[in-house]
Amino acid sequence: MIIEGKNLSKYYGSGENKVIALNNANLKIKSGDFISITGPSGSGKSTLLHILSGLDTPSSGTVTFDGKDIYKTKDNELSAFRRRKVGFIFQQFNLLPVLTAKENIIMPLLLDRIQPDEGYLTEITDLLGISNRLTHLPSELSGGQQQRVAIARALITKPDVIFADEPTGNLDSKSGNEVLEILKNIWQTFGTAVVIITHDSSIAKMAERRLTIVDGVLSEVTS
Ligand code: ADP
Ligand code: MG
């Protein structure tokens, strides 16, 4: 698996209101990578992650998955890429409030009319420590538990890569550390590539590749 972003730029607005959110970024993600991205607020981190994961189109540049341009495929192929190849974890969890934890977790499969593999569901919910919370609504769960449900939802399709956009940003430090431990565990257990935006210096240090982004310009931090 290789996801490659080449010469990625993203602009908003025009004329004197033009914002360059991302400026000619290049990044290759391979199987088993653990990549951290740091940078100040407004520097283009979310923009980059959304573009790499098929959630937002670049103004210029390309994203390829195993050599195929994800934004030049048909709409249904792009949504299949988003649903099957990548998992996305948001700072705000983004769970559907009217669905139980289990329903939220299996939603990506239902959209594809695929029956969940109950054995795998048990494996991941055990790993995440939420097996006894599956019938609860998000409002009945703590922030840390909600984020773990969101991680299970990202994992249910066995994606090649997990993108996590400040996954601990809405959590207290204890639940935040638990979530980071879980992501590390997932990377080690399933070999899923992880690309994480974080302000946490310990997770950034743990990453094999560390990137930083300032004013839309992405660069590799040399160790
Ligand atoms: P970060 O995640 O690093 O905080 P973002 O990628 O969210 O930064 O944003 C990068 C820049 O692009 C910021 O200046 C932000 O205000 C701008 N931006 C992001 N999304 C939009 C949008 N939908 N419309 C206009 N400007 C946007
Ligand atoms: Mg952001």
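Read the figures in this text as sums done on the coordinates, not as results from a lab. Note that this is a predicted model, so its numbers are computed, not measured. Heads up, the Cβs are rebuilt from the backbone with ideal geometry, glycines too, and the neighbour counts pull from every protein chain shown.
Mind sorting 125, 100, 135 by how few other Cβ atoms lie within 10 Å of their own Cβ, fewest first?
135, 100, 125
With the contact rule set at Cα under 8 Å and sequence spacing of 6 or more, what percent relative contact order holds for the stretch 3-221?
Relative CO of the stretch 3-221 lands at 31 percent.
For the stretch 42-119, what does the alpha-carbon gyration tensor say about shape, rounded, prolate or oblate, given a ≥ b ≥ c as the root eigenvalues, a/c under 1.5 as rounded, and a/b over b/c as prolate?
Oblate.
Distance from the Cα centre of the stretch 4-33 to that of the stretch 65-112, in angstrom?
21 Å
If you line up the long axis of helix 118-128 against the longest principal axis of the chain, both from Cα atoms, how many degrees apart are they, to the nearest 10?
Compared with the principal axis, the helix lies near 70 degrees.
About the Cα centre of the stretch 3-221, how large is the charge dipole given +1 on each Lys and Arg Cβ and -1 on each Asp and Glu Cβ? Please answer in debye to the nearest 20.
Roughly 360 debye for the stretch 3-221.
Angle between the Cα long axis of helix 143-155 and the longest principal axis of the chain, 0 to 90 degrees, nearest 10?
With both axes taken from Cα atoms, the answer is about 80 degrees.
Taking DSSP loops as anything outside H, G, I, E and B, show the longest stretch in the chain free of trypsin sites (Lys or Arg not before Pro) there with at most 13 other beta carbons within 10 Å.
Counting at most 13 other Cβ atoms within 10 Å as exposed, the longest clean stretch of the chain is 114-223.
Taking the Cα centre of the stretch 1-81 as origin and charging only Cβ (+1 Lys, Arg; -1 Asp, Glu), how large is the dipole, in debye to the nearest 20?
120 debye
Rounded to the nearest 5, what % of DSSP beta bridges with both residues in the stretch 3-221 are antiparallel?
If we restrict to bridges inside the stretch 3-221, about 50 percent are antiparallel.
Please name whichever of 145, 111, 201 sits farthest to the positive end of the charge dipole of the chain, dipole taken about the Cα centre and charges placed at Cβ: Lys and Arg +1, Asp and Glu -1.
Going by the charge dipole, the pick is 111.
In degrees between 0 and 90, to the nearest 10, how far off the longest principal axis of the chain does helix 75-84 point, with axes built from Cα atoms?
Here the helix axis deviates by roughly 50 degrees.
Under 22 Å between alpha carbons, and skipping anything fewer than 8 positions from residue 174 in its own chain: which lysines qualify?
184, 205
Which whole number of Å³ per residue matches the convex hull of the alpha-carbon atoms in the stretch 3-221?
127 Å³
How large is ³J(HN,Hα), in whole Hz, for each residue of the stretch 63-72 in order, when computed from phi with the Karplus curve 6.51 cos²θ - 1.76 cosθ + 1.60 and θ = phi - 60°, using x for Gly and Pro?
10, 10, 10, 6, x, 9, 5, 5, 8, 9
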